[in-house]
1. Just need the relative contact order of the stretch 1-117 here, percent rounded to a whole number, with Cα pairs under 8 Å and 6+ apart.
2. Counting only DSSP beta bridges with both residues in the chain, tell me the antiparallel percent, nearest 5.
3. Sticking with the crude label model, points 7 Å out along Cα→Cβ, report the distance from Asp161 to Leu35 in nm, one decimal please.
4. How many percent of the accessible area of the stretch 123-170 is carbon or sulfur, using a 1.4 Å probe?
5. Of Pro86, Pro109, Pro18, which is the most mobile in a GNM of the chain whose springs link Cα atoms less than 10 angstrom apart?
6. Once amide H atoms are placed 1.01 Å from N in the peptide plane, what residues at a sequence separation of 5 or more from Ala102, or on another chain, have their amide H within under 5 Å of its amide H?
7. What are the extents of the Cα atoms of the stretch 62-137 along their three principal axes, in Å, largest first?
8. If you wrap a convex hull around the C-alpha atoms of the stretch 62-103 and split its volume per residue, what is the figure in Å³?
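The values are calculated or read from the model by the stated rules, or taken from the named source; none is laboratory data. Please read these numbers as outputs of a predicted model, since none were measured by experiment. Every residue, glycine as well, gets a Cβ built from its backbone with ideal geometry; the counts of neighbours run over all protein chains shown. Keep in mind that these areas ignore ligands, DNA and RNA; they rest on the heavy atoms of the full protein, side chains included. Shrake-Rupley method; radii C 1.70, N 1.55, O 1.52, S 1.80 Å.
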Amino acid sequence: MTAPRFARQTLSMVDSGPRWPGMAIIALLLATLVLQTLLAQRDELAAQPRWRPTLERVCGVLGCSLPAWRDPAAFTMVTRSVRPSPARPGVLEITATFRNDAPRDQAWPVLLLSLSDIHGQIVGARAFRPDEYRDQHTTGDTLAPGQTATVLLDVVEPAPDTVAFSFDFR
């Protein structure tokens, strides 16, 4: 039994031309998809050390921007002190100097200050955003590698038996 005439394939209907134009278009579309994905997810990917250099090169070519690098563990506390304010009873004057030990510029950290009593129980804690502790003379949204910053904070003493304090970076 033979197929109907309209369903029969003839040699003139078979494409015997080169396939590379179609393959090139598919490759171009795939490259465009990868680039769009990188750009759409660049904030999340830029936070990963593996993807950051690639995104920096792509954004260097395309003129896009990346958020500042964040690695709170790369900040080191250099000096710190807490003392009662001589002018205001019940207020603690806190001074801290920290350094960026990351290999690249990074955003100012959130400072977490915890105050403890004689038994080691936390009696007060507060997170300070950069806009809360940076003074008006500080310029730039990032700290360069090796750059130090000094912070001056006045906080109300949460309990009269506060004897210890600690800083953490977020």
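1. Values: 79 pairs, mean separation 19.4, N = 117.
Averaging sequence separation for qualifying contacts and normalising by length gives 17 percent for the stretch 1-117.
2. Details: 33 of 34 bridges.
Given both bridge residues lie in the chain, the antiparallel proportion sits at roughly 95 percent.
3. Calculated label separation equals 6.6 nm.
4. Numbers: 1520 of 3100 Å².
Result for the stretch 123-170: 49 percent of the exposed heavy-atom area is carbon or sulfur.
5. Evaluated over the chain, the most mobile residue of the options is Pro18.
6. Gly146
7. Answer, in whole Å and largest first: 56, 30, 19 Å.
8. Values: hull volume 5.1 nm³, N = 42.
Hull volume normalised by residue count: 123 Å³.
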